[in-house]
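Beneath this line is the structure, given in structure tokens, with notes to follow.
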Amino acid sequence: MSFFGSMTTAITGIKAQASALGYISDNIANSQTTGFKRTEASFQDIVTVSTPTNQQPGAVLAQPRYTTGMQGSIDSSGVTTHMAINGDGFFTVTKSIGMSDTRPVFQELAYYSRRGDFSMDKHGYLVNGGGYYLQGTPIDPLTGNPSGDVPSVIQVNNNFLAARPSSTIVYTANLPTYPKTPNSDSSIPGSELLATDAEMSAVPAPFHNEPMGTGAGNGFVQAQDENVFLDRSLSGGAVTTYDALGNAVNVQLRWAKVDNTGGDGSGATPGTETWQLFYKTDDNAAGTAAKWMNVGQDYTFDATGQLNPPVSGTTIDDLTVNGINLGDITLYHGNGNITQFANTNGTVTVNKIEQDGYASGSLVSVSVTETGRISGTYSNGKTVDLFQVTLAKFNNPEGLQRIDGTAFQATEKSGDPINGASGTIVPQSLEASNVDLSDEFSKLIIAQQAYTANTRVITTADALIQETLNMKR
């Protein structure tokens, strides 16, 4: 065995421990860096000669072992544009290579990061603390689905959100078996109805342009008869709708019972439990002009309080209120959501009334949703999904090449990125560094002792060499 070989081996040990100290130093320095992944030392021995009867000193190398796939803790930040990844995946990001007309120009090369401390710059781009710009796919405002599969740099425009005209009103309600209208009197059969048969025959068309008896469905209430109509109908709620320009249009609804199984006191054969729905068409109508319009649909109930035949919805043609035309509006009820059950108050109980239109608005704030979407909140109170954040995964994340700014670059070892990672996005949170300081200090002590021990090998070998050289004295 050579003394010089021992010294050479010890020198490689010193170099290896110095590399390990470098990794530890880097880990400790970045213990508070968002999304940082620690590096561990992996020691590898190099054998020169090894036989059953002979072993020559070899060497040792320290190689980095990355922990790119190991998650750090997720901490709440409270910032609406911050996000963390829980589980597998990386944000797809890119970086600027310069400016053109005061706007950043981006590289076509994509990078990947777990650093989610994004904030919106003056141009509307989301950039993290490492200087990387977030990528995602735009959301189609009509369908609410991502447009395409290739992510691009996310830019939130400060433009006005265009108005969306109303096209559907979702409406569900329960109608009382006995409507307690101002005209109703339990001692007078049929007084709860819009009009009895006797009234209909005595007064020609008092409520619309055709007799309003059972099944009429396409008439209107004249302005001069509004008080009579109000005394014989129930409020069905109101909803604010919007035309193509974003003008708010208040649609008021009223229900009137037009037939029942108990008869109306006229001696006629009992009929069916039937209601009709009206909306107010003109606040300023007078005389014989239409004040309330019939939606044109009979709602007939059976003994169980359910519609028979079923009515899942109906279309109101050219719905017009105070001269503002909304076009054809779908009045959607769903299955079994308009019922007739007993109600001691005798009023209509509206369970849901909402519509799909909105006025234009300016951008107020930007936030991240739990589904990983970038959404904008506008001055009209509407929150609209703008982009879907794309998470990429790799078959071998440890093969990614580390670059500045807590980012990674795909390599041959990592494989190509695969869109659709299984991780989920946690809004208003950040992923902390996965460095454990107590563990790093323990490794620091071990590396220090190993480094010192290697220096002792060198000094010991040197002393023995000196003794050998002094043997002839």
Which pairs have Cβ atoms under 7 Å, sit 6 or more apart or on different chains, and link a residue in the stretch 381-405 that is free of Cβ contacts under 8 Å to residues at least 24 places away in the same chain to one that is surrounded by fewer than 14 Cβ atoms within 10 Å (Cβ to Cβ) and in a strand (DSSP E or B)?
Gln401/Gln409
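Quick one: which strands (runs of 3 or more DSSP E) lie wholly within the stretch 332-411 and hold at least 2 residues that are within 23 Å of the chain's Cα centre (by Cα)? Quick ask: steps written out before the conclusion?
Details: elements: 338-340, 349-355, 363-368, 373-378, 383-389, 391-393, 401-403, 407-409.
So the answer is 349-355, 363-368, 373-378, 383-389, 391-393.
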What single numbered condition from (1) crowded, with 19+ Cβ neighbours inside 10 Å; (2) modelled with pLDDT of 95 or more fails to hold for Thr349?
(1)
The stretch 1-51 - residue that is in contact with a strand residue (DSSP E or B) (Cβ under 7 Å, 6 or more places away or on another chain) and of a type in the set (D, E, K, R) and, of those, farthest from Thr452 (Cα to Cα)
Lys37
Taking the stretch 417-466 as the search range and keeping residues that are β-branched (Val, Ile, Thr) and assigned to a strand (DSSP E or B), which one is farthest from Thr390 (Cα to Cα)?
Val426
Quick check, is Leu175 crowded, with 20+ Cβ neighbours inside 10 Å, of a type in the set (A, V, I, L, M) and assigned by TED's automatic domain parsing to the domain that holds Ala238?
yes
Residues to consider are Phe4, Phe43; find the one that is among the hydrophobic types (A, V, I, L, M, F, W, C) and in contact (Cβ under 8 Å) with a residue 60 or more places away in the chain.
Phe4
Flagged in the stretch 224-262 as surrounded by fewer than 22 Cβ atoms within 10 Å (Cβ to Cβ), charged (D, E, K, R) and part of a strand (DSSP E or B), in numbering order, are Arg254
Just to be sure before I move on: is Ser186 at pLDDT below 90 and small (Gly, Ala, Ser) in the structure I sent?
yes
Limited to the stretch 76-94, what total is found for residues that are under 18 Å from Ser119 (Cα atoms), touching a Pro at 6+ places or on another chain (Cβ under 9 Å) and not polar (S, T, N, Q)?
4
Run Asn54 past the list (1) of a type outside the set (A, V, I, L, M); (2) assigned by TED's automatic domain parsing to the domain that holds Glu398; (3) out of contact with any strand residue (DSSP E or B) (no Cβ under 7 Å at 6 or more places or on another chain) and report the number of the one that doesn't hold.
(2)
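The values are calculated or read from the model by the stated rules, or taken from the named source; none is laboratory data. Only a predicted model underlies this, so the values are computations on that prediction, with no experimental measurement involved. When we count neighbours, we look across all protein chains shown, and the Cβ atoms used for this are built from the backbone with ideal geometry, even at glycine.
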